[in-house]
Structures are given as C-alpha cells and as structure tokens.
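Q: Mind looking over this structure? Questions follow.
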Amino acid sequence: MFVKELEEALLASRIDVAVHSAKDMTSSDAAGLSVGAYLDRDDPRDALCGADAIAPGMRIGTASIRRRAQLLALEPTLSIEPLRGNVDTRLRKRRERGLDAIVLAAAGLDRLGLSAEIGCRFDPEEVVPEAGQGAVALQVRAGDEELVAALDDGTTHARVEAERACVARIGGGCLAPVAAYHDGEALTALVAAEDGSWIERRRGGDPVALAEELAVFLR
C-alpha cells in the first residue's frame, strides 16, 4: 500500500525520487518507473526476537507466509501467529500477547537502534530471506536514473535485481511462499507449502533457470 502511494506520486511528478525498502516492492517495476539505485545493502537476514533459538512448541509471531513456511519446516510443532504493525508495535504486541518470539528483518531493527532485541539472526541457508531484504531502493521515473546514479552500489544492485528477476519469473504475485537471496557467489531460490510440509530450494547463477525449475512445484 505504501509503495503504491509513492509510485503514484512519482508518476504524477509530485516527487522525483521514492525511497523504498526493496523487499516491500513488487518483483517487477511498475510501468513508467525504474529503480535507479540501490544503497549498500545492510544485513539481509531474518531475526528472532525474544529468544536465542527456536524450540518445540514455541508461539512465534509473524504475518509473513515465507517466514511461516520455513519456520514450520525447521520445527513443525511451532505455533505461528499473525502479527502486524510497525517494528515498535510488533515488539510491544509480543510482550502483550505473551508470545515466545517474533521474527523481523534484522536490517530494520539495526537501523532503528534496536539490535539488542535480537536473540539470533537466521543463516540465509536456514531461512532464505525475502528478495531485496536489507536493501534500500531509490525509484525514479524511467529515464531519470541519472538523478540517483551516484548513490548506486553496483554489487547490491546486481544481487537484488537477480533476486527480483527470479521471484518475478516464478510468479511474484502468487500466494505461495517464495524467496530468493544472492550471497555474492550464487543465487538461492525457494518455494514452499505454507504449512512447511514441503520446501524446494535451488542454487545457481541464472535467475530464470532457477525460477523455471521451481515454478513447476506451484502448478
């Protein structure tokens, strides 16, 4: 919702640059718009807040079906409960509802000076992050990329665009859990059942090839 509002302001020329958390954007650019730059990426990992590890029977809060699927695959006895709101709201709701833990993006907590809330940071091989997680995207009207080009981190740009391309090819609008993360050596992509009963991972260098291998599991 917030991304769409900023994109509409860009298209109407009410603003010249929109600043997004890259993971909140759709996997393909809106017509007439372009990501002109990605800032140097912060920690892309998911963070567990309230505990230093998951354990059988824990109640964990998250609204993300990607996180839900991967957490249940790690520990099927978990109770995953919906949790929405900004970071402060989610941290408060954890305490109010007596949840054992919640899962948030590590980068958001770090940026807000809330790193002390983190009990552990999941290895991306254990919980594959959302495409673009940890990266800030600067979006402009197509043709205006030079406005932000000097701020672009080339390494982040290449990795995040590979992640987004993979998710878009799998079907970024599908309701199934989908994830993609490039670690600098190769791209890992994932599709799963929402209840974690099955997960398929693929790793390689070609986002399109990985996506085509995984898309068959969603048909």
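The values are calculated or read from the model by the stated rules, or taken from the named source; none is laboratory data. What you are looking at is a predicted structure, and each value in this text was computed from that prediction instead of being measured. Positions of Cβ are backbone-derived with ideal geometry, glycine not excepted, and every protein chain shown enters the neighbour counts. Remember, those area values only see protein heavy atoms, side chains included, never the ligands or the DNA or RNA. Shrake-Rupley method; radii C 1.70, N 1.55, O 1.52, S 1.80 Å.
Q: What is the number of the single condition among (1) surrounded by 21 or more Cβ atoms within 10 Å (Cβ to Cβ); (2) more than 27 Å from G184 (Cα to Cα) that Q139 does not meet?
A: Every condition holds for Q139 apart from (2).
Q: How about region 174-219: which of its residues are aromatic (F, W, Y), assigned to a loop (DSSP other than H, G, I, E, B) and under 13 Å from E125 (Cβ atoms)? Explain how you work it out, then say what you get.
A: First, pick out the residues of region 174-219 that are aromatic (F, W, Y): 181, 198, 217.
With the extra rule that they be assigned to a loop (DSSP other than H, G, I, E, B), the set shrinks to 198.
Those that are aromatic (F, W, Y), assigned to a loop (DSSP other than H, G, I, E, B) and under 13 Å from E125 (Cβ atoms): none in region 174-219.
Q: Here's a follow-up. So which of M25, M58, M1 is closer than 27 Å to C166 by Cβ and out of contact with any Gly (no Cβ under 8 Å at 6 or more places or on another chain)?
A: Every option except M1 fails the conditions.
Q: Looking at (1) open to solvent by less than 30 Å² (accessible area, probe 1.4 Å); (2) under 25 Å from H20 (Cα atoms); (3) hydrophobic (A, V, I, L, M, F, W, C), can you tell me which one A192 breaks?
A: All conditions pass for A192, except number (2).
Every residue, every condition in (1) assigned to a helix (DSSP H, G or I); (2) surrounded by 13 or more Cβ atoms within 10 Å (Cβ to Cβ); (3) at positive phi; (4) out of contact with any Gly (no Cβ under 8 Å at 6 or more places or on another chain), yes or no:
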{"position": "D123", "(1), (2), (3), (4)": "no, no, no, yes"}
{"position": "E130", "(1), (2), (3), (4)": "no, yes, no, yes"}
{"position": "Q133", "(1), (2), (3), (4)": "no, yes, no, yes"}
{"position": "G143", "(1), (2), (3), (4)": "no, no, yes, yes"}
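Q: Taking the conditions exactly as written (crowded, with 22+ Cβ neighbours inside 10 Å, in contact with a Pro (Cβ under 6 Å, 6 or more places away or on another chain) and touching a residue at least 40 places away in the same chain (Cβ under 8 Å)), does A69 satisfy them or not? Steps first, answer last, please.
A: On the way: crowded, with 22+ Cβ neighbours inside 10 Å: yes; in contact with a Pro (Cβ under 6 Å, 6 or more places away or on another chain): yes; touching a residue at least 40 places away in the same chain (Cβ under 8 Å): yes.
Yes: the conditions hold for A69.
Q: Here's another thing I want to ask about it. Please return the ranges of strands (runs of 3 or more DSSP E) entirely within region 1-94 where 1 or more residues are more than 30 Å from V148 (Cβ to Cβ). Steps first, answer last, please.
A: Working: elements: 18-21, 33-38, 46-49, 59-61, 79-81.
Strands (runs of 3 or more DSSP E) meeting the threshold: 46-49, 59-61, 79-81.
Q: Out of all the residues in region 22-33, which are loosely packed, with under 15 Cβ neighbours inside 10 Å and hydroxyl-bearing (S, T, Y)?
A: As a first pass, look at region 22-33 and keep what is loosely packed, with under 15 Cβ neighbours inside 10 Å: 24, 26, 28, 31-32.
Hits for region 22-33 are T26, S28.
Q: Quickly run through region 44-53 and pick out the residues that are open to solvent by less than 30 Å² (accessible area, probe 1.4 Å), within 16 Å of the chain's Cα centre (by Cα) and not aliphatic (A, V, I, L, M).
A: P44, D46
Q: Another question, then. Suppose the filter is within 30 Å of G204 (Cα to Cα), surrounded by fewer than 17 Cβ atoms within 10 Å (Cβ to Cβ) and modelled with pLDDT of 95 or more; does L112 pass it?
A: On the way: within 30 Å of G204 (Cα to Cα): no; surrounded by fewer than 17 Cβ atoms within 10 Å (Cβ to Cβ): yes; modelled with pLDDT of 95 or more: yes.
Here the answer is no, as L112 does not meet what is asked.
Q: In addition: Out of all the residues in region 160-178, is one or more touching a Phe, Trp or Tyr at 6+ places or on another chain (Cβ under 7 Å) and buried (at least 16 other Cβ atoms within 10 Å of the Cβ)? It would help to see each step written out before you state the result.
A: Just the residues of region 160-178 that are touching a Phe, Trp or Tyr at 6+ places or on another chain (Cβ under 7 Å), to begin with: 160, 163.
This time we only want the ones that are buried (at least 16 other Cβ atoms within 10 Å of the Cβ), so: 160, 163.
Checked region 160-178: at least one residue is touching a Phe, Trp or Tyr at 6+ places or on another chain (Cβ under 7 Å) and buried (at least 16 other Cβ atoms within 10 Å of the Cβ).
Q: Out of the residues in region 1-21 meeting the condition of being in contact (Cβ under 8 Å) with a residue 40 or more places away in the chain and under 21 Å from the mean Cα position of the chain (by Cα), tell me which one is most open to solvent (accessible area, probe 1.4 Å). Let's see the steps before the verdict.
A: Here is the first cut: in region 1-21, the ones in contact (Cβ under 8 Å) with a residue 40 or more places away in the chain are 6-7, 10-11, 13, 16-21.
Those still in the list that are under 21 Å from the mean Cα position of the chain (by Cα) too: 6-7, 18-21.
Numbers: L6: 62, E7: 28, A18: 2, V19: 94, H20: 9, S21: 38 Å².
This residue is V19.
Q: Keeping to region 195-217, report how many residues are open to solvent by 30 Å² or more (accessible area, probe 1.4 Å), touching a residue at least 60 places away in the same chain (Cβ under 8 Å) and touching a helix residue (DSSP H, G or I) at 6+ places or on another chain (Cβ under 7 Å).
A: Number of matching residues: 2.
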